[in-house]
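**Student:** Have a look at this one before I ask anything.
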Amino acid sequence: MTDPAASTPPAFAAASAGRPSEASAKAGTPLWPAQLDHIGRESDNPAALVTFYRDVMGMAVQPLGPGQWLMRGPQRRILIAVGTRGGQPLSAFRVESRQQLDAVRARVTGRGVPLLNLSTPLFADGFAVRDPDGRQVAFGLPDPRYAEPASFDLPAARLRGRLQHVVVASTDVARLAKFYVEDLGFVVTDNVFAAGDEHAAATAMFLRSDLEHHSFAVFRAPEARPDHHAYETASWNDIRDWADHMAAHRIKLWWGPGRHGAGNNLFFMVEDPDGHKVELSAELEYVARDAAPRAWAHEERTLNLWGGAWMRS
Ligand SMILES: [Fe+2]
């Protein structure tokens with residue numbers, strides 16, 4: 001893989017203007033390890049979303065109440081609700097034990113962050129907070145009533161893809177990332193800076209909560225909005241199979257296939273019926289818990305080593 005450090009002066013990587021303290025990564029965090037468990041999606045036409053995630057993403061439909069549906073496939077689940085078109089109001093992370101949950105809650109309250117009641121039924125215990133862009137971030141223990149069934153009948157459920165990361169866009173990357181790192185306990189993996197300016201605020205940041213390169217990331221954009229979410233497959237062959245599956249549904253690949261620089265993963269993206277980007281990924285890099293944050297230039301190559309990139313700013 002590309003070694004970003006090879007082309008990056010040390011001072012560039014150590015720049016600190018407006019950036020979350022990297023001391024939190026070294027001090028340890030109760031959030032480690034945690035994984036993305038589910039996200040919430042909203043639409044003014046939820047029926048179209050339900051159909052897409054059922055037929056294209058292989059997720060069985062379970063109505064949860066008026067205007068809300070649980071979509072569930074192997075190692076992947078999301079909530080769909082009536083609401084704002086293209087909305088992604090919730091990111092929910094799973095921890096491993098009640099003890100860990102208590103430790104994460106203690107850290108968050110110790111930072112003075114107000115706690116919200118859980119808005120997701122998929123956690124038996126947990127809490128939520130509101131990030132600086134107004135999105136709910138939940139932490140919890142999965143409710144066994146919604147445990148994954150032994151098998152799924154939908155044809156698309158044969159395709160492997162574990163819900164793995166969620167990404168947002170923001171007008172203020174530093175402010176949002178500071179909240180996720182210092183208040184919530186995520187660890188900085190990679191920073192992206194305007195080329196040659198080691199004192200600039202980051203234009204993108206990739207954060208991890210276990211060994212996988214990122215479970216959350218934020219890109220600079222003209223407005224705060226959802227960006228995409230991703231499913232991690234087991235191999236390049238799975239990417240091929242998903243792309244053939246998209247072709248069978250007459251869904252054009254929106255970006256890719258390519259290989260991200262940051263994360264080094266193979267990928268392509270499609271759009272769901274509301275234009276929200278859905279990524280299929282393979283070979284996402286592992287990064288050790290105590291690895292120092294790395295720096296990348298704000299250029300297409302950072303986002304796609306093979307070709308053109310979706311530049312949010
Ligand atoms: Fe991604």
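**Student:** Kindly put Met71, Met205 in sequence by how many other C-beta atoms sit within 10 Å of each C-beta, fewest to most.
**Tutor:** Lowest count first: Met71, Met205.
**Student:** Amide H of Trp255 versus every other amide H placed in the peptide plane: which residues, excluding those fewer than 5 positions away on the same chain, fall under 5 Å?
**Tutor:** Correct list: Met269.
**Student:** Treat each spin label as a single point 7 Å out from the Cα along the C-beta direction, and report the Glu223 to Trp310 distance in nm.
**Tutor:** In this crude spin-label approximation the distance works out to 1.7 nm.
**Student:** Under the rule a/c < 1.5 gives rounded, and otherwise a/b versus b/c splits prolate from oblate, where does the chain land using the Cα gyration tensor?
**Tutor:** Cα axes put the chain in the oblate bin.
**Student:** Can you tell me the dipole magnitude for segment 159-303 around its Cα centre, using point charges on the Cβ only (Lys, Arg +1; Asp, Glu -1), in Debye to the nearest 20?
**Tutor:** Roughly 160 debye for segment 159-303.
**Student:** Hey, can you grab everything whose amide H is under 5 Å from the amide H of Thr203? Only 5+ residues off in sequence or another chain; H modelled, so Pro and N-termini drop out.
**Tutor:** Sorted by chain and number, the residues that satisfy this are Val192, Phe193, Ala194.
**Student:** Continuing with this model, one more query. Determine, for each peptide in 246-257, 29-40, the mean count of other beta carbons within 10 angstrom over its residues, then list the peptides with the highest first.
**Tutor:** Per-residue mean Cβ counts within 10 Å order the peptides as 29-40, 246-257.
**Student:** Here's another thing I want to ask about it. I need to check one value: relative contact order of segment 159-303, counting alpha carbon pairs closer than 8 Å and at least 6 residues apart, in percent.
**Tutor:** Relative contact order comes out at 29 percent.
**Student:** Right, next: Once fully extended, how much extra length lies between Ala60 and Asn237, figured as 0.36 nm per residue of separation less the alpha-carbon to alpha-carbon distance?
**Tutor:** 61.3 nm
**Student:** Another question about this same structure. Which value, in debye to the nearest 20, gives the size of the charge dipole of the chain about its Cα centre, when Lys and Arg are +1 and Asp and Glu are -1 at the Cβ?
**Tutor:** 360 debye
**Student:** Where does the charge balance sit around Leu64 when Lys and Arg score +1, Asp and Glu -1, over other residues with C-beta under 12 Å from its C-beta?
**Tutor:** +2
**Student:** Another one. Can you work out ³J(HN,Hα) from phi for every residue in segment 117-129, in order, using Karplus 6.51 cos²θ - 1.76 cosθ + 1.60 and θ = phi - 60°, giving whole Hz and x for Gly and Pro?
**Tutor:** Along segment 117-129, the couplings run 5, 4, 9, 9, x, 7, 9, 6, 8, x, 8, 9, 9 Hz.
**Student:** Moving on. What's the extension gain from Ser119 to Lys252 if we count 0.36 nm per residue and subtract their Cα-Cα distance?
**Tutor:** My answer for the length gained is 44.5 nm.
**Student:** Of the residues Leu303, Leu266, Leu116, which exhibits the maximal mean-square fluctuation in a Gaussian network model of the chain defined by a 10 Å Cα contact cut-off?
**Tutor:** Leu116
**Student:** Could I ask something else about it? Rounded, prolate or oblate for segment 38-97? Axes are the square roots of the Cα gyration tensor eigenvalues, ordered a ≥ b ≥ c, and the cut-off for rounded is a/c under 1.5.
**Tutor:** Because a/c hits 1.5 or more and a/b fails to exceed b/c, segment 38-97 counts as oblate.
**Student:** Next question. Need one word for segment 35-142: rounded, prolate or oblate. Basis is the Cα gyration tensor (sqrt eigenvalues a ≥ b ≥ c); a/c below 1.5 gives rounded, then a/b vs b/c decides.
**Tutor:** Prolate, since a/c reaches 1.5 and a/b exceeds b/c.
**Student:** Short version: ³J(HN,Hα) in whole Hz for each residue of segment 56-67, in order, from phi by Karplus 6.51 cos²θ - 1.76 cosθ + 1.60 (θ = phi - 60°), x for Gly and Pro, what are they?
**Tutor:** 3J(HN,Hα) across segment 56-67, in whole Hz: 8, 9, x, 10, 5, 9, 9, x, 9, x, x, x.
**Student:** Along segment 34-43, what does the Karplus equation 6.51 cos²θ - 1.76 cosθ + 1.60 (θ = phi - 60°) give for ³J(HN,Hα), rounded to whole Hz, x for Gly and Pro?
**Tutor:** Residue by residue, segment 34-43 yields 9, 10, 5, 9, 6, 10, x, 10, 10, 7 Hz.
**Student:** Of Phe219, Phe93, Phe52, which is the most mobile in a GNM of the chain whose springs link Cα atoms less than 10 angstrom apart?
**Tutor:** Of the options given, Phe52 has the highest mean-square fluctuation.
**Student:** Relative contact order, percent, of segment 35-142 when contacts are C-alpha pairs under 8 Å separated by at least 6 residues?
**Tutor:** Averaging sequence separation for qualifying contacts and normalising by length gives 27 percent for segment 35-142.
**Student:** Given the options Val113, Val188, Val50, state which has the largest fluctuation in a GNM of the chain using a 10 Å cut-off (strictly under) for Cα springs.
**Tutor:** Val113
**Student:** For Thr189, list long-range residues whose amide hydrogen, built 1.01 Å from N in the peptide plane, is under 5 Å from its own amide hydrogen.
**Tutor:** Phe206, Leu207, Arg208
Since every read-out is calculated from the coordinates, none of them should be taken as a lab result. These figures come from a predicted structure and were not determined experimentally. Every residue, glycine among them, receives a Cβ derived from its backbone with ideal geometry; neighbour counts consider all protein chains shown.
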